[in-house]
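Heads up: the structure comes next, in structure tokens.
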Amino acid sequence: MPVLPSLSRSAGAHLCAAFLGLAAAAMPAGTVFAQAAYPSKPIRLIVPFPPGGGTDMIARTVAQKLTDQNKWNVIVDNRPGAGGNLGVDAAAKSAPDGYTLVMGQTSNLAINPTLYPKLPYDPLKDLVPVALVSSSPIVIAAPVNSPYKTFADAVAAAKGKPDALTLGYSGNGTVAHLSGELAENAAGIQLRHIPYKGAAQAMTDLVGGQIDLYMSSVPTLLGQVRNGKLKVIAITSAKRASQLPDVPTLAESGYKGFDAVTWFGILAPAGTPASIVAQLNKAINQALQQPDVADKLRSEGGDVMGGTSEQFGHLLRTEVPRWGKIVKDSGASLD
């Protein structure tokens, strides 16, 4: 029987390598060699607003916890402009690889698609929901010496003098503005609207009594309330705020079913692999369950959310048409 010639060690090694190379080329990508574990590089979390605001605080709190608990490198990237649209658009147009995320909220995901006629992204098509993070109600505040102790007091005064009571808020088309429109419609009253470019001047005018009422998120007003310069007469969420437990909701004030909040959630570009979305969702939920994260969000007037990607998606599909109708009914529009 013929004896096959033996191979040298080097020749055998070359043959083995060649065989493995041919096998790898003949098989689908990822079958032979495992791909690098996610994440293998820094994750960018876009915040579509300037540093120091409520959205920025929430994003940095979550990013830091994700970094600490998972040994990831999550970097916050502030991309302000156009009411949050620039940052969301940058995320929507990024590679769908899990390394670019965005902290979206009610305004730039549910309101802006109707408010801006030429929005460069579609939140329902160009982004995939990862996880809800928190929600915050809108409050109705008045100067501490105001005669209006309750929302009913303000309603009675407004019905006696239509368009006499002034209602301030920061920016047309914001959650605060549109929540004010909803409250007016529910109560059957007409207020004189005074939009401000920012909260600083509005706070000065409200404390000084230049405007009667002001609608804003809890964090914006909480300091002045605690300092005894302002009082909150009603809150727009379905349940009372943890930081203002004595303030009744509008639903409790006789407007059954009234519920208007601003929510915050993390999204990724459409096409991001489901396995990566699931991994991020799990990590974010774990972060939100940590006492220090929950306490930080609550200290700023928010409620911890969390939940599945599917639940966030359902909320989006519900909120976009809901707020779209409110925008149309209000007549608000921005270029």
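The values are calculated or read from the model by the stated rules, or taken from the named source; none is laboratory data. Here the structure is a predicted model, which means the values were calculated and not measured. Cβ atoms come from the backbone with ideal geometry, glycine included; neighbour counts cover every protein chain shown. What goes into the accessible areas is simple: the full protein's heavy atoms, side chains included, and nothing from ligands, DNA or RNA. Shrake-Rupley method; radii C 1.70, N 1.55, O 1.52, S 1.80 Å.
Table for the structure above
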| item | result |
| --- | --- |
| Selection status of Pro120, free of Cβ contacts under 8 Å to residues at least 60 places away in the same chain and within 22 Å of Pro245 (Cα to Cα) | no |
| Of all residues in segment 38-62 being free of Cβ contacts under 8 Å to residues at least 24 places away in the same chain and more than 14 Å from the chain's Cα centre (by Cα), the one that is surrounded by the fewest Cβ atoms within 10 Å (Cβ to Cβ) | Ser40 |
| Residue within segment 272-281 that is over 30 Å from Lys41 (Cα atoms) and in contact (Cβ under 8 Å) with a residue 40 or more places away in the chain present | no |
| Pair list, Cβ under 6 Å, 6 or more apart: segment 300-319 residue under 24 Å from Gly53 (Cα atoms), other residue β-branched (Val, Ile, Thr) and not in a helix (DSSP H, G or I) | Met305/Val133 |
| Index of the failed condition, Ala186 passing every other in (1) within 24 Å of Lys256 (Cβ to Cβ); (2) aliphatic (A, V, I, L, M); (3) without any contact (Cβ under 8 Å) to a residue 12 or more places away in the chain; (4) open to solvent by 40 Å² or more (accessible area, probe 1.4 Å) | (3) |
| Residue count, segment 47-74 (criterion: under 15 Å from Gln105 (Cα atoms), part of a loop (DSSP other than H, G, I, E, B) and of a type outside the set (A, V, I, L, M, F, W, C)) | 3 |
| Verdict on Lys197 being open to solvent by 50 Å² or more (accessible area, probe 1.4 Å) and under 21 Å from the mean Cα position of the chain (by Cα) | yes |
| Total residues in segment 281-300, condition among the acidic types (Asp, Glu) and crowded, with 20+ Cβ neighbours inside 10 Å | 0 |
| Any chance Val47 is within 22 Å of Ala278 (Cβ to Cβ) and not acidic (Asp, Glu) | no |
| Residue that is most open to solvent (accessible area, probe 1.4 Å) [pool: residues in segment 301-317 that are at pLDDT below 90 and either under 13 Å from the mean Cα position of the chain (by Cα) or farther than 22 Å from Leu109 by Cα (or both)] | Asp303 |
| Those residues of segment 115-148 which are over 18 Å from Gly306 (Cβ atoms), in contact with a Pro (Cβ under 9 Å, 6 or more places away or on another chain) and not in a loop (DSSP other than H, G, I, E, B), in sequence order | Leu127 |
| Residues being over 15 Å from the mean Cα position of the chain (by Cα) and of a type in the set (A, V, I, L, M, F, W, C) - total across segment 63-91 | 6 |
| Residue match in segment 147-158 (condition: under 17 Å from Val247 (Cα atoms) and among the acidic types (Asp, Glu)) | yes |
| Subset of segment 134-152 that is closer than 15 Å to Tyr255 by Cβ and not β-branched (Val, Ile, Thr) - its residue that is surrounded by the fewest Cβ atoms within 10 Å (Cβ to Cβ) | Ala152 |
| Number of the exception - Ile211 against (1) modelled with pLDDT under 95; (2) open to solvent by less than 10 Å² (accessible area, probe 1.4 Å); (3) in a loop (DSSP other than H, G, I, E, B) | (1) |
| Among residues of segment 71-99, those that are surrounded by fewer than 21 Cβ atoms within 10 Å (Cβ to Cβ), closer than 19 Å to Thr61 by Cα and out of contact with any Gly (no Cβ under 6 Å at 6 or more places or on another chain), counted | 9 |
| Flag for Ala202 being under 23 Å from Ala164 (Cα atoms), crowded, with 20+ Cβ neighbours inside 10 Å and either of a type outside the set (S, T, N, Q) or within 20 Å of the chain's Cα centre (by Cα) (or both) | yes |
